[in-house]
Each structure stands twice: as structure tokens, then as C-alpha cells.
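Enquirer: Submitted below is the structure of interest, expressed as C-alpha cells.
Nothing in this text is a laboratory measurement; each read-out follows from the coordinates by a stated rule. Everything numeric here is computed off the predicted structure, so don't read it as measured data. Positions of Cβ are backbone-derived with ideal geometry, glycine not excepted, and every protein chain shown enters the neighbour counts.
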Amino acid sequence: MIHDLRHVKAFLAAARIGNFTRAAAEMHISQSAFTVQIRQLEEALGVRLFDRGKRRVALTAAGRELLDPLERIIVEVETIVSNTRELSGLRRGIVKVAVLPSVAAALLPEAIRRFTSRYSGVVVQASDVVGERVLDAVKKDEVDFGIGSRIRADPELRMKPLLTDRMAAFVPRHHALARREALTLQELAAYPLIVTGKESSAREVLDKSCKREKAPLTIAWETNYMTTALGLVRAGLGVAVLPESAVTLENTAHIRRVAITRPVLSRRIDIIQRKDRTLSPAAGKLVEILHALATPPA
């Protein structure tokens, strides 16, 4: 077995130059050390690699047979080392993220802009999906990490807090609630509501709060996307209950946001990783930028 790549490099140098003394000088070691390396390689392989002459050395038949395979080993190892250095130096690579739509529209774009301005060789691929799908993508190793809300406890996942996202009511500009600063969940229950699907973390927060408060809701529309919910609000078809960050999704000039109190509805947004996985250097840097953006300045 070959235990040291220096032995292979010594063999290739001697084969190319045809002289141990000059090959040793090229490798910046003494001739005696060079000769030991060649001998150790021959012992490891169980064959004689060179016929030694007074002035030159020549490859044996076994040496000629091994020349190409050993050259390929060095090329492949050097390629691996080069690629690893590029990855660790954030000169190339891919970061895959599964993220809640509200975060994908609000926080993530600026994080990607800052990241790619520093590390232009690294590509960020983001999938905006509902809460359940964020967890599944992380668990199935489809992404490096997720940005989502804890829907259920899972021993395979590690959750690190990123931010707290409050829920609010979104009403048409001329709606009866448009002049209100805030309203309670019980007051909200009197209106036809537009909500996201049951797989979304925002819906999970709303349903649990309504159950605790014994506030039965009238759901007029259920949508997969918050942009659809806001479109329904603009058309006057109901009151939407969405994360406050939904205001960043599109032009909301014709929509008013009203805070929900008693109780305050909020969800914690986490960076989600598998416990048995280590983030790549690039993914780790993107997480750092996300935390910096999510943390308000002191």
C-alpha cells in the first residue's frame, strides 16, 4: 500500500528526469532521502521500478506499466485539493435553501445580494415553500438548511432562532377596520377571513390561537400563496391574516395592515439544520448574513 504521496512524486520525477540526483534536487531533498523514498515505494508495491545505472536510471517493465496510473493518482489528488480550497475559500459552490415565502420575499433577497457581492462564485438556490415542506427538505438532505417555523418537535433537526414574525390583519383601504390601530382575535372572528393553507406555519399559529381563545373563525378563502391572499383583500373579498412581512410582497397601497392584540399572534422563524450535518463554509456565511440582517442595530 502507498502510504505517502511524496513517494509517488519522487517516482514520477525520476521517471521524467532519468537521474536520481537531479530529481532529488528538483524536489529539494537530499539524494539519500530521495533514494529511500523510491526504495520504500518499491517495497510497498512489491516490484522493482528502476534499473540503476552509473549516470542514469531507467524504468523497468513494471515501472513503465505503473507510470500512467500513478500520474493519474497525483492529478486526481491535486484536483481534489484545488477544489476543496476553492470551496473552503468560497470561490465556488452552491448553497441550497428551503424558505418560507414571507422570508423569501422580505429578508432573503437582501441576504443573497450581500452574499453574492462578496462571494460571486457561489450560487444560492432558494425554494420558497410552506412550513411542512421546509422541514421535509432539510430532513431529506435536499437543501443545506431551511428557514422556517417549528411546526412540531423533531429529534433529527436543530433549530436556531433567527427572528420573530408577528401576524396582522390586512384589509382593503376603505374597509371598516382600516382606521383601527389594532383589533382582538374575537373582533377579527366577526369577519370573513382569507388564510393560508393548513400546511403553512402562519395557519398553524392562527388555528392554535383560535382554539385557545375559543374564537371560531369564518374562513372565506384559503390560499397557497400570500400574494393571492393580498389580491383577494384588494378585491374586497375578506380580511387576510398573514405575517406582517407580507407587506413586502407587492404594492400594498390599497391595503391597510392592522395589528392583532389579545392575544398577539407571532411565530418564531428559525434556521433549521439536520443535527448530523455540518454546514459548508458558504452555507455558514449565508447564515451569518441572515442573522446580521435579522438582528436590529443596537
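Enquirer: Dipole size in debye (nearest 20) for region 5-88 around its Cα centre, Lys and Arg Cβ +1, Asp and Glu Cβ -1?
Expert: With Lys and Arg at +1 and Asp and Glu at -1, about 500 debye.
Enquirer: Let me ask something else about it. Name the residue from Leu185, Leu230, Val36 whose Cα lies farthest towards the positive end of the charge dipole of the chain, charges +1 on Cβ of Lys and Arg and -1 on Cβ of Asp and Glu.
Expert: Positive-end residue among those listed: Val36.
Enquirer: How large is the charge dipole for region 164-266, taken about the Cα centre, if only the Cβ atoms of Lys, Arg (+1) and Asp, Glu (-1) carry charge, to the nearest 20 debye? Walk me through the numbers on the way to the answer.
Expert: On the way: 14 positive and 10 negative charges, 58 e Å.
Value, rounded to 20: 280 debye.
Enquirer: May I pose another question? Given a Förster radius of 30 Å and the C-beta distance between Arg56 and Ser30 as r, what FRET efficiency does 1/(1 + (r/R0)^6) yield to the nearest 0.05? Mind dumping the intermediate values first?
Expert: Values: r = 19 Å, r/R0 = 0.64.
E between Arg56 and Ser30, to the nearest 0.05, is 0.95.
Enquirer: Related question: Considering only lysines 8 or more places apart in sequence, or on different chains, count the pairs in the chain whose C-alpha atoms sit under 29 Å apart.
Expert: 28
Enquirer: Determine the equivalent ellipsoid of region 5-88 by diagonalising the alpha-carbon gyration tensor, then write out the semi-axes as square roots of 5 times the eigenvalues, largest first, rounded to whole Å. Don't skip to the end; give the middle numbers.
Expert: Values: eigenvalues 118, 45, 23 Å².
Each semi-axis is the square root of five times an eigenvalue, giving 24, 15, 11 Å.
Enquirer: How long are the three semi-axes of the equivalent ellipsoid of the chain, in whole Å, if each is the root of 5 times an eigenvalue of the C-alpha gyration tensor, listed from largest down? Mind dumping the intermediate values first?
Expert: Details: eigenvalues 885, 59, 40 Å².
So the three semi-axes of the chain are 67, 17, 14 Å.
Enquirer: Treating the beta-carbon of each Lys and Arg as +1 and of each Asp and Glu as -1, no other charges, what is the dipole magnitude of the chain about its Cα centre, to the nearest 20 debye?
Expert: Values: 46 positive and 33 negative charges, 110 e Å.
The calculation lands at about 520 debye.
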